Amino acid sequence: MIERIPFGQTGHLSSRALFGAAALGSMRQEKADAILELLLEFGVNHIDTAAAYGDSELRIAPWMKAHRENFFLATKTRERDGPGARESLERSLERLGVDQVDLIQLHNLVDAHEQETALGPEGAVEALAAARDEGLVRFIGVTGHGTFAPARHLESLRRFPFDSVLAPLNFTMLAQPEYANDFEELYSTCRERGVAFQIIKSIARRRWTEADDEPRFSWYRPIRDAGALRRAVHFVLSRPGLFLNTSSDATLLRPTLQAAAEAAVAPDERAMLSDSEALGIEPLFVRGTSDEV
């Protein structure tokens, strides 16, 4: 079973591997139902979906009828203005078939202008805080992709007491000094304040190229080598307090959860370098070059 630790200051003990429900976006219901059994097998009790994840919320809805009390349920909105965020939340509640979600997150809030709108008067944060007061949601978080995500999260945390953040982390991302500095500052801040810290892109190998002919179940090419995948998972989970969101490639869910169920020991740097060289692992985001999803 996967270890459970406090998800920030929410009072919930979440499994350190969270189910990234983007995997359900284009999946048939019967296949989605089989995923639930796998989550129960490994003790995963936290689901992370989003309004933008295709039919993911609809695929989750049948599970909630029978298992709502077993899961911390999180979704996301891309809306930055108050009315749009409120409408998005209400639509997610309807699609999920629930009266309340545990966490609503501002999806990929890394643009400075969008940040001003969301955190400003009549912005998304104000509307979601009102929805929290009404009992439609319990907690509010913020997510981000790209190399500027940690720095933007620090600014967001300065202006509002978000309950959780989310950012990319793997060996090659942390090898970039600018990103590493921002990430470490955010990590330290979250540890001090009790803010839950979620990680994405942990098993990313590199971006797809035209020469790649394997099925594309995630927007990046994932690590499939068993040993390298295990080390990539342990690279994240060996850090106290971090939560790892599983990939949108459901074919890698079981090996990811198996690795997460083991006691995570920080991999040797030489092994990580060897994996990077042997598999051609590259950072998905490079500042000034490729910061877009």
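The values are calculated or read from the model by the stated rules, or taken from the named source; none is laboratory data. Just so it is clear, the structure is predicted and the values come from calculations on it, not from any experiment. When we count neighbours, we look across all protein chains shown, and the Cβ atoms used for this are built from the backbone with ideal geometry, even at glycine. Protein only, heavy atoms only, side chains kept; ligands, DNA and RNA dropped before computing areas. Shrake-Rupley method; radii C 1.70, N 1.55, O 1.52, S 1.80 Å.
Checking Ala74 against (1) under 22 Å from Glu262 (Cα atoms); (2) modelled with pLDDT of 95 or more; (3) aliphatic (A, V, I, L, M), which single condition isn't satisfied?
(1)
Of the residues in region 122-133, how many are in contact with a helix residue (DSSP H, G or I) (Cβ under 9 Å, 6 or more places away or on another chain) and either open to solvent by 40 Å² or more (accessible area, probe 1.4 Å) or part of a helix (DSSP H, G or I) (or both)?
As a first pass, look at region 122-133 and keep what is in contact with a helix residue (DSSP H, G or I) (Cβ under 9 Å, 6 or more places away or on another chain): 122-128, 130-131.
Checking which are either open to solvent by 40 Å² or more (accessible area, probe 1.4 Å) or part of a helix (DSSP H, G or I) (or both) leaves us with 122, 124-128, 130-131.
The number of residues fulfilling the criteria is 8.
Could you please tell me which pairs satisfy a Cβ distance under 7 Å, a separation of 6+ or placement on different chains, a first residue in region 77-103 that is acidic (Asp, Glu), and a second residue that is open to solvent by less than 10 Å² (accessible area, probe 1.4 Å) and modelled with pLDDT of 95 or more?
Within 7 Å, the pairs are Glu79/Ala85; Glu79/Ala124; Asp81/Gly123; Asp81/Ala124; Asp102/Phe72; Asp102/Leu73; Asp102/Ala74.
Kindly list the number of the only condition in (1) at pLDDT 95 or above; (2) more than 16 Å from Ala264 (Cβ to Cβ); (3) over 18 Å from the mean Cα position of the chain (by Cα); (4) open to solvent by 30 Å² or more (accessible area, probe 1.4 Å) that fails for Arg230.
The single condition Arg230 does not satisfy is (2).
Can you find a residue in region 34-42 that is in a loop (DSSP other than H, G, I, E, B) and crowded, with 18+ Cβ neighbours inside 10 Å?
Filtering region 34-42 for residues in a loop (DSSP other than H, G, I, E, B) gives none.
No, because not a single residue in region 34-42 is in a loop (DSSP other than H, G, I, E, B) and crowded, with 18+ Cβ neighbours inside 10 Å.
Do we find a residue being open to solvent by 40 Å² or more (accessible area, probe 1.4 Å) and under 30 Å from Met1 (Cβ atoms) anywhere in region 200-213?
Within region 200-213 (the criterion being open to solvent by 40 Å² or more (accessible area, probe 1.4 Å) and under 30 Å from Met1 (Cβ atoms)), the answer is yes, since at least one residue qualifies.
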